[in-house]
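For reference, the structure discussed in these notes is given below.
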Amino acid sequence: MTGVNDVNDVIDVTGAGLSDADAAMRFEEDGPNELPSTRPRGPWRLLGGIVREPMLLLLLGAGGTYVLLGDAAEALAIVGAIVVVIAITLYQENRTERTLFALRELSSPRALVVRSGVIRRIAGRDVVRGDLVILEEGARVPADAIVQSTTNLRIDESLLTGESVPVSKVRRGASVEPIAPDAGVPGGDDRPFVFSGTVVVAGSGMARVYATGTATAMGRIGRALDTIEIGRTRLQQEVSRVVLLLASIGLSVCALVAVVYGVTRGRWLDGVLAGLTTAIAMVPEEFPVVLTIFLALGAWRIAQHRVLTRRVPAIETLGAATVLCVDKTGTLTMNRMAMEAVWAADAAAEASADARFSEAERSVVESAARASRTTPFDPMERALVNEAARIGIPAPDPVALVREYPMSDDTLAMANVWNAWNAWNVWRDPSGGRPRAALKGAPETVAALCGLDEATTAGVMRRVERMAGRGLRVLGVARAAAVPDPLPDTVRGFTFDFLGLVGFADPVRPGVPDAIAECANAGIRVVMITGDYPATALHIAEEIGLDHVRTCLTGSDLTRMDDGELRRCITTVSVFARMVPEQKLRLVTVFKANGDVVAMTGDGVNDAPALKAADIGIAMGGRGTDVAREAGALVLLDDDFTSIVRTVRLGRRIYDNIRKAMSYVLAIHVPIAGMALLPVLFRWPLLLLPLHVIFMELIVDPACSIAFELEPEEADVMRRPPRPPAARLLDRRFVTRSLLQGAGALAVSAVVYLAARSQGLDERDVRTLTFTTLIIANLSLIFANRSFTRPTWSGVTGWRSSNPALWWLAGTALSTLGLILFVPALRDLFALSQPHAIDLAVCALAGATAVLWMEMTKKRV
């Protein structure tokens, strides 16, 4: 990079720039050129917000109840779950501050400015409105500014627009004119505005700063991020409502049982303990635990596929996504230019980049590469150099470069003069070793420099239009075998021969079309939101197989529409081009207003507000900026678009398994609570002692946290549409089916209990038969809820291999039950008796009857 002293020698800055006094005054008025820090919440305020969550309140209540009952093991388990919930929430609350910190770091580079007629390098935060900044190749623009002078200035604005192709800048004028609010919009060639955080990839220039800090385009993104609140997912909201309702019911029943027991039996302390036991049996405290564990294990599972989870509930929400808003550059495409086609003059058709080139086509590529910098910044020049190396053209010796003719505002082409003998070993030298020139640039400019007649130029431009219609960016290429001596001052002094055209494109990522098709099969609508031109966006959309690609909405179209018209229009449009960050955010908001569950992918700073506002923000980790990664809920570490489909599949599987686990939890609490409550209400001998409830909980907890979480996906998981956004996890049908299943288990247990009492069996025998029936009914409920569509007994062999943890659980439960029933010490501890064979057969028959009833509920409810 040019040093300060070198620049002073080249640029006359006498009397230019602000004075030190003016700069200090404006610094006081506007503040530093950086994004302001947000005031962090204190730890007590943060903790107070966390403990007010209904799910956490339920866990705290359950933990306190277990402490009152003296059950230290269960109390410790609940405390562990509380720690997990608090840790996850604390992690989430720090994300906004990290996002803004990344933006501040990015928006405050070092700057080369003119102050009091002297060029100085200062901290980016010290740049003020009115400063004259010098822009050099490879430097980052420190603030939003208007170009005052330029020499082939080209800026990479992909940070703000998402587009990989640099844009050219032109001079506006020396005076600082008022700037309209929508004038300085990133993107587009031949505009006089440069923007904070973007990078100079070619040329140089000077620009007058008109906005700093939060007033810049980067600052507007920061303000948008700061105002967007990340809401809880629908699943979190529904579970909170359900557990709060059930907790209220449980506490009411607890008080009722305590009062009834105390009034009828006169033992109030025993009544309080009986009420607490009934409340624990009734309240499914496993609900929040299931939600936390399933999502945490899901995050670990998708991490094996190189997808990082930053907001854990987003995994499940992605399975419900109805619209996937895709940023084209870097998401659907590789975010790098590649040469896609070459056309040699007078050839019948272009040759694709993967074809075997003719000698004429090799000459086109070779000359285009020789017209590029030896160490290029420009993406198209890098693509040309790479393509030349791929087809075996050796790189020239840099010392053989005689002279460069850079692109200028009036000549949209650049040329290099090389010593032919050293530079081109494979290009036969008809000039006898004399230097020669290579030229590339805008096709119409190259055609004019070659002196093509009108008819030939028209034919070349028709070829250019055909290539551009395929989404290619096209350059013309020429060569001068005879170089004047001395060399001319401009490229117009050469006699060039027109060689042909080269076309470039940002190639589609491998696997994207298949991933788009799988999204369509899963009922997920994919739309493209890009800052690129409509023709390029429509071509890519057609190539990857998007629906509704006949029309395209541009940023200017959105500006003219109100929200009502836009809500109607987006239902039939899948391509949105020339979008700025605020418009991407507006599109996400409007899709959500239409009732869609929106997933948004992106990799640039320009995507960060939309990523944060979407139901699920998916950032590209490899090429993405820190700001995008911090704003996203999920991060694709390998930038593989197909990973989104795998995560959707996993999200649907997680939701299905959460429903299965919660169906089981709701059902199993019916017989447990019923058999604890009935003896109290009817003044029968108490059936379940605390030890019995603990043993059944030892089956319930692993079944919820391990067995159901490991359940494989349903066969149609990616062949069904997303669940409706308004669909409830615990809808009426779901709750009715679960309660009926639990009622069936309660009924068979109560029948066994009453039958045993009617036979005159003693209390231990009655408890043994009923307790054994409850355990078998418990296992029946687990197997019945493995699928809501398949029978319990279908595909037992396949199920055994697909979820071995469930079979280990069932085997362990039955083995432990056997030890309790037949080992005297354990049998006495549980206050049971040794059963006979006929007793076990009755219990097994009762369990089979419960299974049949559960299958009937699947078919009829």
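The values are calculated or read from the model by the stated rules, or taken from the named source; none is laboratory data. Owing to the predicted nature of the structure, the values given are computational and were not obtained by experimental measurement. Neighbour counts are summed over all protein chains in view; Cβ atoms, including those assigned to glycine, are modelled from backbone coordinates with ideal geometry. Surface accessibility is based on the protein's heavy atoms, side chains included, excluding ligands, DNA and RNA. Shrake-Rupley method; radii C 1.70, N 1.55, O 1.52, S 1.80 Å.
Quick notes on this structure:
- Among the residues of this structure, residue 488 counts as one that is open to solvent by less than 40 Å² (accessible area, probe 1.4 Å) and either of a type in the set (Lys, Arg) or without any contact (Cβ under 8 Å) to a residue 24 or more places away in the chain (or both).
- Pairs, first farther than 14 Å from residue 641 by Cβ and in a loop (DSSP other than H, G, I, E, B) in segment 541-553, second open to solvent by 40 Å² or more (accessible area, probe 1.4 Å) and acidic (Asp, Glu), C-beta under 9 Å, six or more apart: 549/542
- Hey, residue 643 part of a helix (DSSP H, G or I), under 30 Å from residue 715 (Cβ atoms) and at pLDDT 85 or above or not: no
- For segment 524-537, a residue qualifies if it is closer than 17 Å to residue 335 by Cα and surrounded by 21 or more Cβ atoms within 10 Å (Cβ to Cβ), and the qualifying residues are 528, 529, 530, 531, 532, 536, 537.
- Which numbered condition residue 518 fails, given (1) at pLDDT below 95; (2) closer than 28 Å to residue 374 by Cα: (2)
- Residue 549 vs. criteria under 21 Å from residue 507 (Cα atoms), β-branched (Val, Ile, Thr), open to solvent by 10 Å² or more (accessible area, probe 1.4 Å) and touching a Ser or Thr at 6+ places or on another chain (Cβ under 8 Å): yes
- The set of residues in segment 363-397 being open to solvent by 60 Å² or more (accessible area, probe 1.4 Å) and either over 23 Å from residue 166 (Cα atoms) or at pLDDT 85 or above (or both) consists of 382, 386, 389, 390, 395, 397.
- Screening residue 263 on (1) open to solvent by 50 Å² or more (accessible area, probe 1.4 Å); (2) at pLDDT below 70; (3) assigned to a helix (DSSP H, G or I) shows it passes everything except condition (2).
- Only a single item in (1) within 50 Å of the chain's Cα centre (by Cα); (2) modelled with pLDDT of 90 or more is not met by residue 494, and it is number (1).
- Among the conditions (1) open to solvent by less than 20 Å² (accessible area, probe 1.4 Å); (2) among the charged types (D, E, K, R); (3) at pLDDT 85 or above, residue 786 misses just one, which is (3).
- Of all residues making up segment 509-523, the number that are touching a helix residue (DSSP H, G or I) at 6+ places or on another chain (Cβ under 8 Å) and surrounded by fewer than 17 Cβ atoms within 10 Å (Cβ to Cβ): 3
- Pair list, Cβ under 6 Å, 6 or more apart: segment 425-454 residue among the basic types (Lys, Arg), other residue modelled with pLDDT under 90: 436/420; 436/481; 436/483
- Lone qualifier among 588, 580, 575 - being open to solvent by less than 10 Å² (accessible area, probe 1.4 Å) and within 24 Å of residue 220 (Cβ to Cβ): 588
- Of the helices (runs of 4 or more DSSP H) lying entirely inside segment 304-410, those containing at least 2 residues that are of a type in the set (Gly, Ala, Ser) span 359-370, 379-390.
- Failed item in (1) more than 35 Å from the chain's Cα centre (by Cα); (2) surrounded by fewer than 16 Cβ atoms within 10 Å (Cβ to Cβ); (3) in contact (Cβ under 8 Å) with a residue 24 or more places away in the chain, with residue 465 passing the rest: (3)
- Only one of 807, 793 that is assigned to a helix (DSSP H, G or I), modelled with pLDDT under 90 and closer than 22 Å to residue 855 by Cα: 807
- Of all residues in segment 345-368, those being closer than 17 Å to residue 477 by Cα and either out of contact with any helix residue (DSSP H, G or I) (no Cβ under 8 Å at 6 or more places or on another chain) or free of Cβ contacts under 8 Å to residues at least 60 places away in the same chain (or both) number 14.
- The residue pairs whose first member lies in segment 834-848 and is over 8 Å from residue 769 (Cα atoms), whose second member is in a helix (DSSP H, G or I) and open to solvent by 70 Å² or more (accessible area, probe 1.4 Å), and whose beta carbons are closer than 9 Å, counting only pairs six or more residues apart or on different chains, are 834/822; 834/824; 846/751.
- Flag for residue 506 being open to solvent by less than 30 Å² (accessible area, probe 1.4 Å) and among the acidic types (Asp, Glu): yes
- Residue within segment 335-344 that is over 28 Å from residue 417 (Cα atoms) and in contact (Cβ under 8 Å) with a residue 60 or more places away in the chain present: yes
- Any hit, segment 566-575, residues being more than 26 Å from residue 189 (Cα to Cα), of a type in the set (D, E, K, R) and in a strand (DSSP E or B): no
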